[in-house]
Amino acid sequence: MAEAAVKTQPETSAAEHELTDGFHLVIEALKLNGVKTIYTVPGIPITDLGRMAQAEGIRVISFRHEQNAGYAAAISGFLTKSPGICLTVSAPGFLNGLTALAHATTNCFPMILISGSSEREIVDLQQGDYEEMDQLAIAKPLCKAAYRVLHAADIGIGIARAIRTAVSGRPGGVYLDLPAKLFSQVIDAAAGAKSLVKVIDPAPAQIPAPEAVKRAHDVLKAAKRPLIILGKGAAYAQADDSLRALVEKSGAPFLPMSMAKGLLPDTHPQCAGAARSTVLKDSDVVMLIGARLNWLLSHGKGKTWGEPHSKKFIQVDIEPREMDSNIEIAAPLVGDISSCATALLDAMGAKWPAPPADWVNAVKTKKDDNIAKMAPRLMNNNSPMDYHGALGVLRTIVKERPDAILVNEGANALDLTRGIIDMYQPRKRLDVGTWGVMGIGMGYAIAAAIETGKPVLAVEGDSAFGFSGMEIETISRYQLPVCAVIFNNDGIYRGTDTNRSGGSDPATTVFVKGARYDKMIEGFGGVGVNATTPDELRRAVNAAMDSRKPTLINAVIDPAAGSESGRIGNLNPQSALRKK
Ligand SMILES: Cc1ncc(C[n+]2csc(CCOP(=O)(O)OP(=O)(O)O)c2C)c(N)n1
Ligand SMILES: [Mg+2]
């Protein structure tokens, strides 16, 4: 009977029956918009999405913890100017990814956190679904925008919206909520294909107003002691040639913020990195390019900046609200950095007078003095090593391999590395950013290796490394050219602290003495080295950079060498009462 029934069905063409589903539409929408890599941890409801994306030619990098996948996505956004994609499971996976989403937003990196979520009807009535959580509401205050897609036919527009929001204007994080049911929704394939949206010109140029350009030009021209500060926004812009031309034409000393190091080489004659306090204090006109006057620049006021109201600021930024955030900006120049740099260069014309020689010479003298003072410390051969001895070696290695990427986190391990290791090319230094967050290390290293193909040197405090250390398995699994150097001083800041109660628990800032981090990577088939002298360190890092093999070097640092909180000990609250 059944056979007869089938035969009586009218014949329908294959095309009419061709269907697609949410899984495929998500993947096609991402591919259509140039997404090449997804950073993820699999699980319900996105396991198959990851498998299918891999099958469809997207590189899917599977991590051990979502926070690290999130940091990888965030820094891939910084490096590529297109949103890095982090894909997680619902509630706990989503929450693990959220720190990185907030970090991306704070640092103005384009990133999309895509999380699967549980059944809306049950979640909204709080009836206790599997991994129940109102993820959209939780994500909202931590990113530029949060969107949810409920119908397969809206996947195309939902992904387009997420991409444009992440990269346009001031870039940042976007949350995209994809409920489990969406993936299995089936719609007509032709209609599905038509529903996809390719984002045209996702980050449109924002041209500065001619009056604003003229104002900035006039303020700069009147300067007697000009200074240019380059922030990571300037590095992000990939306007390297015009920024270099602008700085060189101005003749002004420039100060790179941490992740802008290398935009012009730190060895450039105008670089004032080694005379930071002098230029901040004594300049009379400061042009900020993609740098915010936040805590990292002492909010543009106070002792660091010399006499109150002694200088004028020009600020180049894409975000109008950034102007006057902390102090008055005499010449706000709102626009994308590339357009602003070009407009300023045009306005400056062919003949631009060099800044007064006494200013340029004063900065140069200070800088040469400071560099000369530092030099002998970098050549010490102490064992156990101190930071300077170890960093002297790494400094030479980076000079010899300027296209390698340097990832850096820690306290002393961060501040001293930033000060000592010169950078020579744009976007080669990736670090803790605006929050000074620990945990970016291995996620950044993985994404840097994948997005650029260049070898990565990660200089890590032993505490800092612990936040993402498990990802050395990921590095080993994907055979990435990452060499992690752990500055092992037995703890946070110093390894010498004692328990003030006299009890047997260790002090809160110390770790296992003489720990051997190098043994960890050996368990995953990578290369582990214990380096106790600068010479051993040099050999091990050079071998790793040549071989491109996953390597972890335990660099033994004198536990007494560091200082509390590195260079920002002044931020620790001090009570008038005596410490116990
Ligand atoms: C997520 C997060 N948790 C905690 C901190 C506080 N913190 C700042 S630096 C640091 C670790 C410093 O120790 P280490 O990485 O070993 O560097 P060292 O100074 O010893 O070279 C910690 C825990 C932070 N910045 N971020
Ligand atoms: Mg340490």
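Read the figures in this text as sums done on the coordinates, not as results from a lab. Given the structure is predicted, the values throughout are model-derived calculations rather than measurements. Here the Cβ is made from the backbone with ideal geometry for all residues, glycine too, and neighbour counts use every protein chain on show.
Key figures for this structure:
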read-out: Full-extension gain in nm, Ala191 to Asp218, via 0.36 nm per residue minus C-alpha separation; value: 4.1 nm
read-out: Charge dipole of the range 326-477 about the Cα centre (unit charges at C-beta), most positive-ward option of Tyr387, Ala464, Gly436; value: Tyr387
read-out: Cβ crowding within 10 Å averaged over residues, with 170-180, 262-272, 449-459, 320-330 ranked highest first; value: 170-180, 449-459, 262-272, 320-330
read-out: Rounded to 10°, Cα long-axis angle of helix 387-400 versus longest principal axis of the chain; value: 70 degrees
read-out: Ratio of Rg to Rh over the chain (Cα coordinates, Kirkwood Rh, two decimals); value: 1.02
read-out: Modelled label reach - Ala372, point 7 Å along Cα→Cβ, the range 255-275 residues with backbone N closer than 17 Å; value: 274-275
read-out: Segments 191-198, 224-231 sorted - mean Cβ within 10 Å per residue, highest first; value: 224-231, 191-198
read-out: Pair Glu400, Asn530: separation of 7 Å Cα→Cβ label points (nm); value: 2.5 nm
read-out: Stokes-Einstein D in µm²/s, Kirkwood radius over Cα pairs - the range 68-218 at 37 °C with 0.692 mPa s viscosity; value: 200 µm²/s
read-out: Length added when fully stretched, Asn381-Ser298, from 0.36 nm per residue minus Cα-Cα; value: 26.3 nm
read-out: Cα convex hull volume per residue for the range 446-580 (Å³); value: 125 Å³
read-out: Cα-based helix-to-principal-axis angle, 91-107 vs the chain, degrees rounded to 10; value: 40 degrees
read-out: Degrees separating the helix 357-378 axis from the principal Cα axis of the chain, which is the longest one; value: 80 degrees
read-out: Vicinal HN-Hα couplings computed from phi for the range 452-459 (Karplus, 6.51 cos²θ - 1.76 cosθ + 1.60; Hz; Gly/Pro x); value: 10, x, 8, x, 10, 10, 9, 9
read-out: Computed FRET value (nearest 0.05) for Thr365 with Gln238, which takes r as the C-beta separation and R₀ as 30 Å; value: 0.30
read-out: Table column - 3J(HN,Hα) (Hz), the range 346-352, Karplus curve with 6.51, -1.76, 1.60, x for Gly and Pro; value: 4, 5, 6, x, 7, 10, 10
read-out: Ranked by how many other beta carbons lie within 10 Å on average, peptides 20-30, 524-534, 98-108, 505-515 from highest; value: 98-108, 20-30, 524-534, 505-515
read-out: Convex hull volume of the range 177-253 per residue (C-alpha atoms, cubic angstrom); value: 167 Å³
read-out: Span from the the range 60-113 Cα centroid across to the the range 511-537 one, whole angstrom; value: 29 Å
read-out: Under Karplus coefficients 6.51, -1.76 and 1.60, residue-wise ³J(HN,Hα) of the range 437-450 in Hz, glycine/proline x; value: 7, 8, x, 6, x, 6, x, 4, 4, 5, 5, 4, 5, 6
read-out: R0 of 45 Å, Cβ-Cβ distance Gln54-Glu248: FRET efficiency to nearest 0.05; value: 0.45
read-out: For the range 264-386, diffusion coefficient by Stokes-Einstein and Kirkwood Rh (Cα), 25 °C, 0.890 mPa s, µm²/s; value: 146 µm²/s
read-out: Length added when fully stretched, Val512-Ile44, from 0.36 nm per residue minus Cα-Cα; value: 164.8 nm
